[in-house]
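Quick notes on the structure that follows.
Read-outs throughout are calculated quantities, based only on the coordinates presented, and are distinct from any laboratory measurement. Remember, predicted model here, so these are calculated numbers, not experimental data. All Cβ positions, glycine included, derive from the backbone under ideal geometry; neighbour counts span all protein chains shown.
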Amino acid sequence: MRLVPALAAGVLAVGLGSARTAFADDVSDVKSELEALKQRIAAQDRKIRELENKAPTQDEIAAAVGRYLESTPASAYLVGGADAAGTAGWPMGGAPFIQQGPNKINFRIRNQVRYEGFLYSDHAVGSLNTPANTLSGEPPRDRTGFEIERLYFGCDGTVFCPDISFQVLLNFDSDTGSGVEKEFLWLDWKFLGENHVRAGVDKVPFTYEEQNSTAALAFVDRSMVCKAFALGSDTGVALWGNFGSCECPKQFLYKVAASTGEGPVEQAGSVYSTDAFDTYSDNLLFSGTLEWTLTCKDWKFDEVDNRPCAERGRLDASVGVCAYYEDDDDTSEKSPGALALRSVGPLQRYGLGAWARARWNGWTAIAEYDMRNVDYTRSSTAPDQSDSGAELTVHYRFAESNWGVGAKAGIIWLDDDYRSLTVGNSVVPIADSISEYGFVVNYFFWDHANKVSADVTWVNDNSGVKSSAPGYFWDPSKGSVIEDGVMFRLQWQLNF
């Protein structure tokens, strides 16, 4: 009797299992049909979006990227290979760069687009081109208009090791002549501690303002005193570096140089095509500078205090001196600097200078004094020419603001033995000094990388400073004998 219930239970279990299997098969079929339906709907939606020119969904993008990465297992490197991966970038407000190990190159561009003009007073004196060097009875010719004052392109960086650096900077503006101006072309080796040797085309270390970039100025361009006495760029070799105590290892900065004294362009003639004796390299220009940072911390000067508010309260202050000497008895007789020589012929010359600079709580200030003495040699009866000048520039950058304002005052004392100019058959008396007084307003979109500057300068009796960059055009042969009046400049600068 027990056999019958057992058989019944077995039959029931088999039936239930079959039913369960059939139900599971049915559910699987339904799921498959639903999945196929979803895929057909998704495909239709994709076709509709393609026909309507719509962007793919995030899921589609993620799926496509995933498929690509699965099919590309090798790692990708922007610069270099797997054993020496490099980097590249373009930081906001900075220069584009490429770097791999110790090798790094930065690409530099500076563009200064300027509108300027000179409103002459009744004291200004002009001359004619035809007949040549004849007083016109009118002010110098009008030169109001737009210009690109600087269009720099170059690169700098390190190579082989962090202690070897270089710079190439070319100016495509042609104010100073045809072709491309070689502003900087140097190699630098940090050979011991903070001591460097530099060779190539670099600034002669005389006058402080000249050593700083025009991109970091408070005014549109350098001061009249700076351009009158600065020696510009020259070709040669220099030793420079820092020293100090253990607490202040960079408290002192020094730089001494020996260069041709002919500037970066004239030296291109080379001693191989011109006899070196009494031409280029036998009478060198020797120059040097020494600066002491009173507040210990080494700091790079900027005529605008762009520091964040948390750092503006720290005082930075430095003082320095500079000097140069050259026995310029060669036949080329080049004279770097924009203040005119009042006689002709070979010469011996020397210069001395001193400055003080500081910044604190949004204020920056620089005061500078420079002088030169020129001895006209080789049987010349012309008396020595001694000129000197002083300049003060102050700027204030408003806290948490894009605005800044500044003022400057400068004067150049001319030699007592040279108080007149001969223009053709006419003798024009000149004042015993040249002066300028200016005011500037700056708006910084991104510090000096993107800014607009507008300044106004009152110029009195300019009878010798010639520099297209600051805007002076003294040159009797081209129509300007004495500049006197108001100069205005508006400039937009991009610099990185």
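Hull surface divided by four, with the convex hull built on the Cα atoms of the range 102-495: how many nm²?
For the range 102-495, averaging the hull's shadow over all directions gives 20.4 nm².
What whole-number distance in Å separates the alpha-carbon centres of the range 179-210 and the range 386-417?
Centre-to-centre distance over Cα atoms comes out at 26 Å.
How high is the relative contact order of the range 137-224, given as a whole-number percent (alpha carbon pairs under 8 Å, six or more residues apart)?
17 percent.
Please express the shape of the range 127-189 as an equivalent ellipsoid: the semi-axes are the square roots of 5 times the eigenvalues of the C-alpha gyration tensor, given largest first in whole angstrom.
Each semi-axis is the square root of five times an eigenvalue, giving 43, 12, 8 Å.
I need to check one value: relative contact order of the range 102-495, counting alpha carbon pairs closer than 8 Å and at least 6 residues apart, in percent.
Result for the range 102-495 is 18 percent.
How much length is gained on full extension from Asp416 to Phe172, taking 0.36 nm per residue of separation minus their Cα-Cα distance?
Value of the extension gain: 83.9 nm.
Starting with the highest mean, order 32-43, 182-193, 130-141 by the number of other Cβ atoms within 10 Å, averaged over the residues of each peptide.
Result, highest mean Cβ count within 10 Å first: 182-193, 130-141, 32-43.
Viscosity 0.890 mPa s, temperature 25 °C: Stokes-Einstein D of the range 159-249 from its Kirkwood Cα radius, in µm² per second?
Diffusion coefficient, whole number: 161 µm²/s.
If I model a spin label as a point 7 Å beyond the Cα along the Cα-Cβ vector, how far apart are those points for Tyr350 and Thr144 in nm?
For the pair Tyr350/Thr144, the computed spacing is 4.8 nm.
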